Amino acid sequence: MKFQPIDLAAAGLRPDKRASVYQSTKATHEKRTKLLFEQYNDPDQLRRWAGEVKQHAIENLDAYLPAVEAKLKANGAQVHWASTAESACQQVLKIMRARGATKMVKAKTMVSEEIELADYLGRHGIEALETDLGEFIVQIDHDHPSHIVRPIIHKNRREIARSFEREGLGAYNDDPQTITSRARQFLRHKYLAADVGLTGANFVSAESGRMVLVTNEGNSRFCLAATKCHIALIGIEKIVPRDYDLALLLNLLGRSGTAQELTVYTEFITGPKTAEQPDGPEEMHVIFVDNGRTDVLESDCREILRCIRCGACLNVCPVYRQASGHAYRSVYPGPVGAVLSPLLEGKHGFAKKADLPKASSLCGACHEVCPVNIPIPDLLLRLRNRANQEGIASPGTPPMGAWALLASQPLAWRTALVASQVMNHLPTNLLPIPALRAWQEERVLPEWRGGKFRQWMSQRRKAK
Amino acid sequence: MLNQGRTPITGQRVQLMATCLCDAFYDDVAAATVEVLEHLGQEVIFPEGQTCCGQPAFNGGDWDASRKVVRHTVRTFAGDLPVIVPSGSCAAMLSHGAALEFEKEKDLGEIVALGRRTWELADFIVNGLGVKAWPGRYDATVAFHRSCHSRGTGSGEAATALLESIAGVTLRPFGEGEQCCGFGGTFAVTFPHISAAMGDLKLEHIRAVQPDVLVSADMSCLMHLGGLATKEGQPIKTLHLAQVLRDALKKSGAA
């Protein structure tokens, strides 16, 4: 029996890492649920509404993208379009070179992970420093984020303290406050020395061109306050129709993602600094990134583009809790990643990640918590079907053709039911079906009683 | 709700979909379902041609194979009688999953129609027939595992309400009740490590409340949890909801 890559990764995960992931996700999920259900009569109705808003937005991007471009330009920003990861990276580099800039401070943005911006800039002689504490730790460790909201959910403070010591940030000290203040001290100078600040955006309003950024550390504010040039890297699916929609979405985002009514900072950015404003970037560039999103929009899984990256589906997912994020070999792990990551690979790359949608018991917890009501299990199923149609091999998956033949011929089915009683007398390793042997590795198989119910039923009928 | 717009119950005849698991392993669960339905005054028809709801291939991604089985199921359960199934999972397959894989098929209408008259057992008793309390007696502390396929349906609450109403039953809620047991169909054999780890966590929560019996409305979850527990040398007693309902009747002599 062959096993799926994510199952093997889970089996090989260090128990202390699994424990960190489990405890942290469980605590956030429970707080999230308490908060939503204590504060709203019907949070599920809010999730449905938010889903409708985002679905409308992604289905009407052809109208909203030009609208947002016009607004942003009117607000004084320059707008760029990047159809691929490479093009997005090149445009960032071009903007920096035009300014003669060599140092960038970065706020947390998943799309920059997706296009591997920091590595790209590094290769071109530009320092791109992560200023979100979690991302900073990922960067100094040459690691990858394992959660979309909490990049270092897989690390404990002792590991972090060792990394800080190694990087010359002070003698070993695993007190979280010390770690935070050391990072803050180190980064403070970096902000001042940087030429460009890079952020993402959680939402962009087509009505006003207003970009919304939610953070908890305030690092994105420093990125913008200390530098003269702001680059915002934004996936095209981040557009919402109206400012009004932000009330609903922000209320759901904070509660769903980090179990907060609102994050510590919610920034509304309208454009570069005006003549009356003393601080802020003089120059603002917005780069809208496609990188496979319009292909997703054309697919039958387009609902995944509603995602607002809160991470609630990761937190509640029993598979993510066992496997942690790196098992998904993708920037976007967990249930949302199991749908989005294979799709973002494009038509020819799909096969590489076609195993991700299999990594689910289809329990539906992700759908139940999703603030934009994405039917994730349905999308996982669609992708499983796509993999099957494309003939992509799936380790351990039992072939269904013979079963379907049997299950559509009642006589054969009934005969097999009774005949299979012979299994009760076979040793485990001689069971005729690999799936049954695999079952027995972890569990006992009950006694085969095929046909007994039908016998009982017909006797009961005769007796009546 | 996943199972919205269902045909209201007016008659006293139903078709039983016994499920392939009961057909192969759990004959007593199917028999208990029959006895429970008959106690409620329903005449139970068992279409002999039935096999499986089609879910294994649907979840496995082989929708051609699954559709073949679903079409067979639609033919087998022809007519307009309610179809009662002692499994939230098979019920969800017919009320939701099948519609998904038939989205582009000409016979979608027939599939949706079958879904509308398909009921998970507890849902049928409480929300279909309006029965709110169960007679008889069953002396036990019970841990009820709400199977995942009853999310978004009335089944979980219906089952809990029935169990709570039985004299002698003490329900013991346990931690992380909303989490999956780890069965997941073919997931159990393609992701055996994760599946078993999820099951162990569930067993840990259940054992912590020391129930006399673990009850569920889905034998698939119980087959997995019971099988794990036995393999680990710490067997637990598992019963389907239908068995508890039937046994409660027997104790009161009402059966």
With segment A:1-90 as the region, which helices (runs of 4 or more DSSP H) entirely inside it contain at least 2 residues that are out of contact with any helix residue (DSSP H, G or I) (no Cβ under 7 Å at 6 or more places or on another chain) and in contact (Cβ under 8 Å) with a residue 60 or more places away in the chain?
A:15-39, A:43-59, A:61-74
Residue satisfying all of: in segment B:144-159; surrounded by fewer than 23 Cβ atoms within 10 Å (Cβ to Cβ) and part of a loop (DSSP other than H, G, I, E, B); farthest from the other protein chains (Cβ to nearest Cβ) among these
B:G154
For A:L13, state whether it is buried (at least 17 other Cβ atoms within 10 Å of the Cβ) and within 14 Å of chain B (Cβ to nearest Cβ).
yes
May I ask you to list pairs of residues, at least six apart or on different chains, whose Cβ atoms are under 9 Å apart, with the first in segment A:366-385 being farther than 21 Å from B:T190 by Cα and the second being among the acidic types (D, E) and modelled with pLDDT under 95?
A:E368/B:E178
Of (1) crowded, with 21+ Cβ neighbours inside 10 Å; (2) touching a Gly at 6+ places or on another chain (Cβ under 9 Å), A:V418 fails just (1)
In segment B:49-105, residues that are more than 12 Å from chain A (Cβ to nearest Cβ), assigned to a helix (DSSP H, G or I) and farther than 21 Å from A:Q409 by Cβ total 2
In this structure, is A:K103 surrounded by 14 or more Cβ atoms within 10 Å (Cβ to Cβ), within 30 Å of A:K228 (Cα to Cα) and touching a Pro at 6+ places or on another chain (Cβ under 8 Å)?
no
Reported set for segment A:359-387 where residues are within 20 Å of A:R255 (Cα to Cα), within 7 Å of another protein chain (Cβ to nearest Cβ) and out of contact with any His (no Cβ under 8 Å at 6 or more places or on another chain) is A:A365, A:E368
Any idea which of A:E165, A:E237 is out of contact with any Pro (no Cβ under 8 Å at 6 or more places or on another chain), under 27 Å from A:P281 (Cα atoms) and assigned to a helix (DSSP H, G or I)?
A:E237
B:A217 versus (1) crowded, with 23+ Cβ neighbours inside 10 Å; (2) within 17 Å of A:Q322 (Cβ to Cβ): which is the lone unmet condition?
(2)
By residue number, the members of segment B:83-96 that are crowded, with 24+ Cβ neighbours inside 10 Å and not polar (S, T, N, Q) are B:V83, B:I84, B:V85, B:P86, B:G88, B:C90, B:A91, B:A92, B:M93, B:L94
Which numbered condition trips up A:F186, out of (1) in contact with a helix residue (DSSP H, G or I) (Cβ under 8 Å, 6 or more places away or on another chain); (2) closer than 25 Å to A:I126 by Cβ?
(1)
In this structure, is B:V29 hydrophobic (A, V, I, L, M, F, W, C), in contact with a strand residue (DSSP E or B) (Cβ under 8 Å, 6 or more places away or on another chain) and either assigned to a loop (DSSP other than H, G, I, E, B) or in contact (Cβ under 8 Å) with a residue 24 or more places away in the chain (or both)?
yes
Count - residues of segment A:313-333 that are surrounded by 24 or more Cβ atoms within 10 Å (Cβ to Cβ), more than 13 Å from chain B (Cβ to nearest Cβ) and in a helix (DSSP H, G or I)
3
Reported set for segment B:123-151 where residues are basic (K, R) and over 20 Å from A:G364 (Cβ atoms) is B:K132, B:R137
Test for B:A133: is it among the small types (G, A, S), farther than 24 Å from B:A32 by Cβ and either assigned to a loop (DSSP other than H, G, I, E, B) or within 14 Å of another protein chain (Cβ to nearest Cβ) (or both)
no
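The values are calculated or read from the model by the stated rules, or taken from the named source; none is laboratory data. Since the model is a prediction, treat every value here as computed from it, not as a measurement. Neighbour counts are summed over all protein chains in view; Cβ atoms, including those assigned to glycine, are modelled from backbone coordinates with ideal geometry.
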